[in-house]
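Here, each number is a calculation from the coordinates, and none is a lab measurement. Computed from a predicted model, the values in this text were never measured in an experiment. All Cβ positions, glycine included, derive from the backbone under ideal geometry; neighbour counts span all protein chains shown.
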Amino acid sequence: MARKPVTIELAGGKSPRQRIWEMIRKLRIFTVPELRGHLPGPVPLATVRTYVESLHAAGILEKTPGLYELIDDRGIEAPRVNKAGQPVTLGQGNERMWGAMEALGAFNCRVLARMADVPLATVKTYCAYLQRAGFLTVERAGKGRGAGGVPTTYRLLHSRITGPRPPMITRLKTVYDPNVGKIVWQQDPQEQLDD
């Protein structure tokens, strides 16, 4: 099953998987119906069952007749695994870029792309949106293009860091901060019409 768009998370601030994971950590031993009954807000039973079975396949939960037990607590973030229990890699590029930005201080897109092992075009887009949202400031504007050009140097504003999770660019081309559960930047509607 494909990961839902970030807009799903906007509704309650936490994805269904995150709410399921938090309750699993609280209960430790549970049945699927019991787990679903303790969840804040409605989550379809099929969604709960699929995620629990995925965690079992990943070796995070142990299954005994009728019960599941948490045997590998991976921390506060819900483990991102598919039905086969394999890690999901979608979004890891953002995490690597965000971590590299924090470590580097000042950086240009080429350096960040190498450090985070992310395509340069992806880095340029991510940096452009984070600058619009106020997470990055331009320390030195770039000049020219190509081999003789000087790339733009950015700096992450530590005052804008609200938690461990990196900002996300939504399909609607907004910047969403999952740490606070809010859209922190969106293009002016008039600009969208002009594009």
What are the residues whose amide H is under 5 Å from the amide H of LEU61, where those residues sit 5 or more places off or on another chain and H is modelled from the backbone? HIS56, ILE71
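Dividing the convex hull volume of the alpha carbon atoms of the chain by its residue count, what do you get in Å³ per residue? Let's see the in-between values first.
Numbers: hull volume 28.1 nm³, N = 195.
It comes to 144 Å³ per residue, whole-number rounded.
Trypsin sites (Lys or Arg not before Pro), restricted to the range 104-157: which are DSSP loop and have at most 14 other Cβ atoms within 10 Å? Present the calculation step by step, with values, prior to reporting the outcome.
On the way: sites: ARG110, ARG114, LYS124, ARG132, ARG140, LYS143, ARG145, ARG155; in loops: ARG145.
Passing both the DSSP loop test and the Cβ count: ARG145.
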Cα extents of the range 45-145 along the three principal axes, largest first, in whole Å? 66, 23, 21
Would you list, by chain and number, the lysines whose Cα falls below 28 Å from the Cα of LYS182, excluding same-chain residues fewer than 8 positions away? LYS4, LYS14, LYS26, LYS124, LYS173
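Run lengths n ≥ 4 of DSSP H only: what is the helix-derived mean residue ellipticity at 222 nm for the chain, with -39500 (n - 2.57) per run over all residues, to the nearest 500?
Numbers: 8 runs with 79 residues, N = 195.
Mean residue ellipticity, 222 nm, calculated: -12000 deg cm²/dmol.
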Residues whose placed amide H lies under 5 Å from that of VAL184, excluding near-sequence neighbours: VAL175, TYR176, ASP177
Using only Cα atoms and rounding to the nearest 10 degrees, what angle (0 to 90) does helix 120-132 make with the longest principal axis of the chain? 90
Crossing angle, helix 16-27 versus the chain [Cα axis fit, 0-90 degrees, rounded to tens]: 50
Give a residue-ordered list of calculated ³J(HN,Hα) values for the range 87-95 (Karplus: 6.51 cos²θ - 1.76 cosθ + 1.60, θ = phi - 60°; whole Hz; x for Gly, Pro). x, 8, 9, 4, x, 5, x, 4, 4
If I take every Cα pair under 8 Å that is 6 or more residues apart in the chain, average their sequence separation and divide by the length, what percent do I get for the relative contact order? 17
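Summarise the long-distance tail of P(r) for the range 92-194 by giving the % of C-alpha pairs beyond 25 Å.
On the way: 995 of 5253 pairs.
Of the Cα pairs, 19 percent sit more than 25 Å apart.
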